[in-house]
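Enquirer: The structure follows.
The values are calculated or read from the model by the stated rules, or taken from the named source; none is laboratory data. None of these values were measured; they are calculated from a predicted model. Here the Cβ positions follow ideal geometry from the backbone for every residue, glycine too, while neighbour counts run over all protein chains shown.
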Amino acid sequence: MSFTVAIVGRPNVGKSTLFNRLVGKKLALVDDTPGVTRDRRPGDAKLVDLKFRIIDTAGLEQSAPDSLQGRMWAQTEAAIDEADLSLFVIDAKAGLTPADETLAEMLRRRGKPVVVVANKAEARGSEGGFYDAFTLGLGEPCPVSAEHGQGMLDLRDAIIAALGEERAFPPAEDVAETDVDIRPESGGVGAEDEEEPAYDETKPLRVAIVGRPNAGKSTLINRFLGEDRLLTGPEAGITRDSISVEWQWRGRTIKMFDTAGMRRKAKVQEKLEKLSVADALRAIRFAETVVIVFDATIPFEKQDLQIVDLVLREGRAAVLAFNKWDLVENWQAVLADLREKTERLLPQARGIKAVPISGHTGYGLDRLMQAIIDTDKVWNRRISTARLNRWLESQQVQHPPPAVSGRRLKLKYMTQVKARPPGFMISCTRPEAVPESYIRYLTNGLRTDFDLPGVPIRIHLRASENPYESKARKKR
């Protein structure tokens, strides 16, 4: 991107609405409640012919530095320092407030270009607030309506005037390789006879961090990054938006998503929390590997198990991280207990990798990343059809399918139809009669014999085609 823009202003002036308008997607949570945004959220914006990086920030609230609002404002100041230009959003309908004047003074001291954006200019009576904005001494305000998309051309011209043509339109650079996986998904016609392809160690990896509130998800990501990039604190439920950050681990790009804590569905009553949880679910679906963070001091709550089950049902690769390990006293006894409970309480993810870590001290983070890479390899694995059919024959010899209504079931053919997660198709007689217990037997056998621990395995049964069926119909 050519330059970076930070959107700043007091709470509830429409910063996140403008952010969504500029990035062209509803990435940031928007609600009538003031102070929805807490972390700074980056995005790639496009405004007519301008392309730039944009950062949504929390609203200015005067508070003590160690309070939640104070820490939120520290994040906003970091975004202003990082940006080349600030969009100072005011509410033209409500007019100027002392908080607007305080922020204007702070922006003047920074000495960086500023564009005053008079939002909600479509509202009746907004003219007074628009003309009041001239008193800020930051130049002519730009009237817009972020909700309805009005005034975007004027905003584009104001940004160019503030930065200059050369800064706004830098010389074209060579197109970099995209981090989006554009390769066709494994499986399909002609793929069943191929051997397992080599795992791409250089491909960027998308990882989502999920868990209950106050499990230490944001602290963990900050420790990975080596900076206070995400807002943290003792309060539960600080994170609301799903924030993505990129960093390098042993030369590989990792795109990691911090998500809001997910409580039991019955306890989620407020609209804002429902939006936060929905955003977290979208992050899970977009990710390839999901790290479920447990609080090691109170592990295996019912909600922890439900989150793991949700991740597996979505078909994602899962890794367990027992955080706050620095608070555990008897390490060996607790670790043995956690291993026993993992095997007993999560039979649908037999062999899932579980790593004790401490986001506060950094203990175990390399082992966690290695577990993520290893699990992603399993999630992408393919097995040749020839090996699968030899395996299926041996499994039926050891444990033949049951007879249903006096007729023996026959499993004739097996192939892997997809990866990510591994999915298999078995051609058989009367697929509807195959009991669930036998499918579990095959699933466990696949895990053991082909080394597929901890990832969801899909087995689909299909009736074998009868080549004489059409002839029998003609005789009728």
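Enquirer: State all residues of the stretch 205-248 that are in a strand (DSSP E or B) and surrounded by fewer than 17 Cβ atoms within 10 Å (Cβ to Cβ); if no residue qualifies, say none.
Expert: The answer is 246, 247, 248.
Enquirer: If I filter the stretch 370-378 for residues that are more than 21 Å from residue 208 (Cβ to Cβ) and outside the structural domain of residue 433 (by TED's automatic domain parsing), do I get at least one hit?
Expert: No, that holds for no residue.
Enquirer: Being surrounded by fewer than 16 Cβ atoms within 10 Å (Cβ to Cβ), under 18 Å from residue 250 (Cβ atoms) and in contact with a helix residue (DSSP H, G or I) (Cβ under 7 Å, 6 or more places away or on another chain) is the filter here, so list the residues in the stretch 334-388 that pass it.
Expert: 362
Enquirer: Kindly indicate whether any position in the stretch 268-277 is outside any loop (DSSP other than H, G, I, E, B), in contact with a Phe, Trp or Tyr (Cβ under 7 Å, 6 or more places away or on another chain) and buried (at least 20 other Cβ atoms within 10 Å of the Cβ).
Expert: Checked against the condition, which is being outside any loop (DSSP other than H, G, I, E, B), in contact with a Phe, Trp or Tyr (Cβ under 7 Å, 6 or more places away or on another chain) and buried (at least 20 other Cβ atoms within 10 Å of the Cβ), the stretch 268-277 yields no hits at all.
Enquirer: Would you check which residues across the stretch 373-421 are closer than 30 Å to residue 287 by Cβ and assigned to a strand (DSSP E or B) and list them?
Expert: To start, the set of residues in the stretch 373-421 that are closer than 30 Å to residue 287 by Cβ comprises 373-385, 387-388, 414-421.
Within the stretch 373-421, 414, 415, 416, 417, 418 qualify.
Enquirer: In the stretch 349-372, which residue that is part of a helix (DSSP H, G or I) and over 18 Å from residue 453 (Cβ atoms) is nearest to the chain's Cα centre (by Cα)?
Expert: If we take residues in the stretch 349-372 being part of a helix (DSSP H, G or I) and over 18 Å from residue 453 (Cβ atoms), then 365 is nearest to the chain's Cα centre (by Cα).
Enquirer: Further, regarding this structure: Considering only the stretch 108-135, state which residues are closer than 19 Å to residue 12 by Cα, surrounded by 15 or more Cβ atoms within 10 Å (Cβ to Cβ) and of a type outside the set (Gly, Ala, Ser).
Expert: 115, 116, 117, 119, 120, 122, 130, 132
Enquirer: Being buried (at least 19 other Cβ atoms within 10 Å of the Cβ), more than 21 Å from residue 276 (Cα to Cα) and at pLDDT below 90 is the requirement here; does residue 87 meet it?
Expert: The answer is no for residue 87.
Enquirer: For the stretch 44-145, which fully contained helices (runs of 4 or more DSSP H) count at least 3 residues that are among the acidic types (Asp, Glu) and within 27 Å of the chain's Cα centre (by Cα)?
Expert: 68-82
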